[in-house]
Amino acid sequence: MNGKLIGILIVGSAVIAGITMYFMQVYAFYDTVPDGGYTVQLTSVATGELEPILAENVQAIDADSSPLRFRACFTTTHSQAMLTESFVVYDSPDPLTAPRWFDCYDAATVGEALKNEQAIAYLAQENVHDGVDRVVAVFDDGRAFAWHQLNEKYKN
């Protein structure tokens, strides 16, 4: 009888620990960025400085636990031609996934669009955190997505 009780305690503890870790990874550390809490900016080709762009319907999440957890979705009225002439194009975009509950952002769709040249990635901010760049991908129809990704400092 004592062996069954110990086994039940071990399995129960493992299940509780697993559920807790899942919750912490997917929900606990993310915060929704309040309206107006994120201004979309891109790096200017001419000056190298950040310049705001027109953005509507901005939805963003972030977390203090990792510099890579930032994600955002929005729409812009700027054309691809204007953006490409004015702002730095990002050479190696790699959209990172977001939690399922942040359903406006789909990394697979963004990645596929970037590969098929249906979207263009721009440098929003270099080294927003040490070794981490903020990248914005804009589709021809004005849909846009932002994320953080490791830059050359930490890529091998």
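Using the alpha carbons of the chain, what is the convex hull volume per residue in cubic angstrom, as a whole number?
Normalising the Cα hull of the chain by residue number yields 144 Å³.
Modelling each spin label as a point 7 Å along the Cα-to-Cβ direction, I'd like the I8/T97 distance in nm, to one decimal.
Taking the simple label geometry, I8 and T97 are separated by 3.6 nm.
Largest first and in whole Å, give the semi-axes of the range 28-100's equivalent ellipsoid, each being the square root of 5 times a Cα gyration tensor eigenvalue.
Three semi-axes, in Å: 24, 15, 12.
For the Cα atoms of the chain, what angle does the longest principal axis make with the long axis of helix 2-23, in degrees from 0 to 90, nearest 10?
10
At 0.36 nm per residue, and after removing the present C-alpha to C-alpha distance, how many nm does the segment from E117 to L68 gain when stretched out fully?
Result for the pair: 15.2 nm of gain on full extension.
How high is the relative contact order of the range 1-120, given as a whole-number percent (alpha carbon pairs under 8 Å, six or more residues apart)?
18
Per 0.36 nm of contour for each residue apart, how much would the distance between S79 and S44 grow if the chain were fully extended, relative to their Cα-Cα spacing? If you can, show how the numbers build up before the last one.
On the way: separation 35, 0.36 × 35 = 12.60 nm, distance 1.54 nm.
The span from S79 to S44 would gain 11.1 nm if fully extended.
List the aspartates and glutamates whose Cα lies under 17 Å from the Cα of K155, skipping any in the same chain that are fewer than 8 positions away.
Candidates past the 8-residue exclusion: D91, D94, E126, D130, D133.
Could you tell me the calculated FRET efficiency between T32 and V89, based on Cβ-Cβ distance and R0 = 35 angstrom, to the nearest 0.05?
In this case the efficiency is close to 0.75.
Taking the highest mean first, how do the peptides 64-71, 81-88 order by number of other beta carbon atoms within 10 angstrom per residue?
The densest-packed peptide leads the list: 64-71, 81-88.
If each DSSP helix of 4+ residues adds -39,500 (n - 2.57) and the sum is divided by the residues in the chain, what number results at 222 nm, nearest 500 deg cm²/dmol?
After summing the helix terms and dividing by residue count, I get -7500 deg cm²/dmol.
Kirkwood hydrodynamic radius (Cα pairs, Å) of the range 92-156?
The Cα-based Kirkwood calculation yields 12.2 Å.
Using a Förster distance of 41 Å, how high is the FRET efficiency between C104 and V15, based on the Cβ-Cβ distance and rounded to 0.05?
It comes out at approximately 0.80.
Considering amide H positions built from the backbone, and no H for Pro or chain starts, which residues 5 or more places from A119, or on another chain, come under 5 Å of its amide H?
L114
Each value in this text was obtained by applying a stated rule to the coordinates, not by laboratory testing. These numbers come from a predicted model, not from an experiment. Here the Cβ is made from the backbone with ideal geometry for all residues, glycine too, and neighbour counts use every protein chain on show.
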